[in-house]
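Undergrad: Questions regarding the structure given below will be posed in turn.
The values are calculated or read from the model by the stated rules, or taken from the named source; none is laboratory data. Bear in mind the structure is a predicted one, so any value in this text is a computation, not a measurement. Please note: Cβ atoms are built from the backbone with ideal geometry, for glycine as well, and neighbour counts cover all protein chains shown. Side chains included, ligands, DNA and RNA excluded: accessible areas come from the protein's heavy atoms. Shrake-Rupley method; radii C 1.70, N 1.55, O 1.52, S 1.80 Å.
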Amino acid sequence: MEVLKIADKTFNSRLFTGTGKFASGELMRDALIASESELVTMALRRIDLKQQKDNILQYLIEAKFNLLPNTSGVRNAKEAIFAAELAREALETNWLKLEIHPDPRYLLPDGEETLKAAKELVKKGFIVLPYVQADPVLCKKLEDVGTATVMPLGSPIGSNNGLNTRDMIRIIIEQSNIPVIVDAGIGAPSHAAEAMEMGADAVLVNTAIAVSQNPVDMAIAFKLAVQAGRMAFEAKLAGKSTEAKASSPLTSFLS
Amino acid sequence: MFIELINTYDWQNTTDLIYSKTDSDVQTALQFKNRSIDDFMALISPAAEPYIEEMARQSQMITQKRFGKTIQLYVPLYLSNFCENNCVYCGFNTENKIKRKVLSYDEIKEEVIAIRKLGFEHILLVTGEADVKAGATYLKKAFEIIKPYMSLISIEVQPLKADEYSELIKHGLNTVYLYQETYNRERYSTYHLKGNKSNFENRLMTYEHLGNAQVHKIGLGILAGLEDWRTDSFFTALHLNYLKKKYWRTKYSISFPRLRPHSGNFEPNSIMTDKHLAQLIFAYRMFDENVEIALSTRESAVYRDNMLKLGVTSMSAESRTNPGGYANPELNTELEQFSVNDDRTAAEIANMIRSNGYEAVWKDWDCILQ
């Protein structure tokens, strides 16, 4: 399988993961290790910046994951930029998952503020991975201002509803010159495989692993599904046909 | 305004409607995902009581999906027990001949340091209503002292003015808990005899100020023990529905204070049993996947241990309801608002949560994010 490149890093695994909703720090660590994920996102608001011995962080650093701090909780560009700078200082990484959701229920991203913040953050030297609606025009605009990827949603965060935005995601993938990571709503390994078969560069999964009865096994299931989907994409899926092929071709007279 | 909406309802009619819900209304409410306020009414009705196990199952599933297996911990800090109101059910009642105290800024610091040692990052500041002794200016200074030690500051104090909320948000205010106590306008005045709190409409208007100030979270609740909990909870849900549509940037939380022994001699008018409270919590969760649900130390250890997996998202621990109670636990116990029921330490509560297969979350915010 092709190696995935984002900014200055390469990834063997195309499964990105999150740290929320796990029943314990130990379980989170075990599941993330089993997933073989190489990029893990965590909410800045959950990390204890005052004390150096933060629980979540300790596990992630020990297991040598690449850290992707996110700005979950901020409601506008100004707050996001401030949070990003704190994250860079505290975690010593300029990678950032930019999340701006003023709506605390469905956590739907604010495209207008995201674009504004992305522009500033790129100028300030951040590697920006923005969480956005599956909006092809917005994704092109983000690419134009220099984000490292786009992260369109499949369905609302935590909904486990799968790729309800598949038609738009297909257009985003077709048009994008930067990696497309399908984030949010992926509730089953089959959803992840579907996104990868469509040509997404990676997927980000959290709730479906964390909330499962057996997060470690579910992490492995997602790992395999992402690999299967990617291999199928690279091997080129056979086209679908609704009709049987005619046994006497219409163009036989041309040969 | 919510006041206009609530004016279109009649208390007695609403009560009758709830009590006339049938088995088939409940079954309909159990089946559908996007539940209406009418479904909520069925779920809190007596007709839903036989379905409590099914409701618990659904509530658990929805909560785990939305919040994971986590319980957030917070601690109340009582800053002052001075109060100008005469609320018949409250220990801080201005007529009660009890010792009064407002913490000095030095004492606040002492308390916060003691609280920090217990592990807490989320703090809830509580006062009686005394604008001069413990108003917005006092709170602002308190925030400045507390901010270096805590990640999330909430208040449960008298209603403030809209511009005071905006100012406090700039200084770190995240959540405001404000309980209407009862939505029965006629009976409201029989519980709130004197002081600013005796004005039903003004209190209700405060929620609009909070929404306009874009406070991060608003906590709603009634005091169970005053009026029929079913009718009062219906109006709370109606209020929640109204607020979340109008003030869509704000999160919401529901609490369920039940009357506890306190100074004074008010006896509850209506009893909410453990089973009723469970039914109500499940109904809220099925009505609103996102609303946060808090269960305080007013409830017993056994009850809290069992409910933590069934819909609750946050819990207080090691609460002392007397100003100064953390740094000097032995002093001033006669100042307390009510006696807590679950008196385990924060560490014991955190261990209990973990032993139930849940993560005890101390920190889920940062003052720097606002």
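Undergrad: For residues in the stretch B:95-119 being in a loop (DSSP other than H, G, I, E, B) and of a type in the set (D, E, K, R), which is surrounded by the fewest Cβ atoms within 10 Å (Cβ to Cβ)?
TA: So in the stretch B:95-119, the residues in a loop (DSSP other than H, G, I, E, B) come out as B:95-101, B:103-104, B:118-119.
Pick out the ones that are also of a type in the set (D, E, K, R) and you get B:95, B:97, B:99-101.
Details: B:GLU95: 13, B:LYS97: 7, B:LYS99: 10, B:ARG100: 17, B:LYS101: 18.
Across the stretch B:95-119, the extreme among qualifying residues is B:LYS97.
Undergrad: So which of A:MET231, A:MET198 is open to solvent by 60 Å² or more (accessible area, probe 1.4 Å) and more than 27 Å from A:PRO104 (Cα to Cα)? First the steps, then the outcome.
TA: Details: A:MET198 fails: open to solvent by 60 Å² or more (accessible area, probe 1.4 Å).
Unique residue meeting the criteria: A:MET231.
Undergrad: Go through A:ASP48, A:ASP110 for me and flag whichever is over 18 Å from A:MET151 (Cα atoms) and either β-branched (Val, Ile, Thr) or out of contact with any strand residue (DSSP E or B) (no Cβ under 8 Å at 6 or more places or on another chain) (or both).
TA: Working: A:ASP110 fails: over 18 Å from A:MET151 (Cα atoms).
Just one listed residue meets the conditions, A:ASP48.
Undergrad: Let me confirm something: among A:GLU38, A:GLU26, A:GLU113, A:GLU85, which residue is in contact (Cβ under 8 Å) with a residue 12 or more places away in the chain, buried (at least 18 other Cβ atoms within 10 Å of the Cβ) and within 14 Å of chain B (Cβ to nearest Cβ)? Spell out the reasoning first.
TA: Working: A:GLU38 fails: within 14 Å of chain B (Cβ to nearest Cβ); A:GLU26 fails: buried (at least 18 other Cβ atoms within 10 Å of the Cβ); A:GLU85 fails: buried (at least 18 other Cβ atoms within 10 Å of the Cβ).
Step by step, each of A:GLU38, A:GLU26, A:GLU113, A:GLU85 is checked, and only A:GLU113 is in contact (Cβ under 8 Å) with a residue 12 or more places away in the chain, buried (at least 18 other Cβ atoms within 10 Å of the Cβ) and within 14 Å of chain B (Cβ to nearest Cβ).
Undergrad: Checking A:ILE157 against (1) modelled with pLDDT of 95 or more; (2) touching a Leu at 6+ places or on another chain (Cβ under 7 Å): exactly one of these is not met. Which one?
TA: (1)
Undergrad: B:THR15 passes all but one of (1) at positive phi; (2) at pLDDT 95 or above; which number fails?
TA: Of (1) at positive phi; (2) at pLDDT 95 or above, only one is false for B:THR15: (1).
Undergrad: Is it the case that some residue within the stretch B:21-43 is open to solvent by less than 70 Å² (accessible area, probe 1.4 Å), over 30 Å from B:MET205 (Cα atoms) and not in a helix (DSSP H, G or I)?
TA: The first filter runs over the stretch B:21-43 and keeps only residues open to solvent by less than 70 Å² (accessible area, probe 1.4 Å), leaving B:21-22, B:25-26, B:28-30, B:35-37, B:39-43.
From the residues that got through so far, the ones that are over 30 Å from B:MET205 (Cα atoms) too are B:21-22, B:25-26, B:28-30.
Checking the rest, the ones that are also not in a helix (DSSP H, G or I) come to B:21-22.
The answer is yes, given that some residue of the stretch B:21-43 is open to solvent by less than 70 Å² (accessible area, probe 1.4 Å), over 30 Å from B:MET205 (Cα atoms) and not in a helix (DSSP H, G or I).
Undergrad: Going by the conditions given, is A:ILE100 closer than 26 Å to A:LYS9 by Cα, β-branched (Val, Ile, Thr), open to solvent by less than 10 Å² (accessible area, probe 1.4 Å) and within 14 Å of chain B (Cβ to nearest Cβ)?
TA: Numbers: closer than 26 Å to A:LYS9 by Cα: yes; β-branched (Val, Ile, Thr): yes; open to solvent by less than 10 Å² (accessible area, probe 1.4 Å): yes; within 14 Å of chain B (Cβ to nearest Cβ): yes.
For A:ILE100, the condition - closer than 26 Å to A:LYS9 by Cα, β-branched (Val, Ile, Thr), open to solvent by less than 10 Å² (accessible area, probe 1.4 Å) and within 14 Å of chain B (Cβ to nearest Cβ) - is met.
Undergrad: Now for a separate question. Among the residues of the stretch A:191-214, which ones are under 17 Å from A:MET42 (Cα atoms), away from chain B (no Cβ under 14 Å) and not β-branched (Val, Ile, Thr)? Give the derivation first.
TA: First pass over the stretch A:191-214, keeping only residues under 17 Å from A:MET42 (Cα atoms): A:203-211.
Within this subset, residues satisfying the condition of being away from chain B (no Cβ under 14 Å) are A:203-204.
Within the stretch A:191-214, A:LEU204 is the sole residue that qualifies.
Undergrad: Here's a check for you: in the stretch B:244-257, which residue that is part of a helix (DSSP H, G or I) and within 12 Å of another protein chain (Cβ to nearest Cβ) is nearest to B:GLY225 (Cα to Cα)? Outline the logic, then answer.
TA: Let us first name the residues in the stretch B:244-257 that are part of a helix (DSSP H, G or I), namely B:244-246.
Still in the list and also within 12 Å of another protein chain (Cβ to nearest Cβ): B:244-245.
Numbers: B:LYS244: 26, B:LYS245: 29 Å.
By that ranking, first place goes to B:LYS244.
Undergrad: Ok, one more. Which one of these does A:LYS123 not meet: (1) open to solvent by less than 60 Å² (accessible area, probe 1.4 Å); (2) closer than 26 Å to A:LEU86 by Cβ?
TA: (1)
Undergrad: Now for a separate question. If I filter the stretch A:147-167 for residues that are farther than 25 Å from A:GLY199 by Cα, in contact with a Phe, Trp or Tyr (Cβ under 7 Å, 6 or more places away or on another chain), open to solvent by 30 Å² or more (accessible area, probe 1.4 Å) and not hydrophobic (A, V, I, L, M, F, W, C), do I get at least one hit?
TA: Just the residues of the stretch A:147-167 that are farther than 25 Å from A:GLY199 by Cα, to begin with: none.
No.
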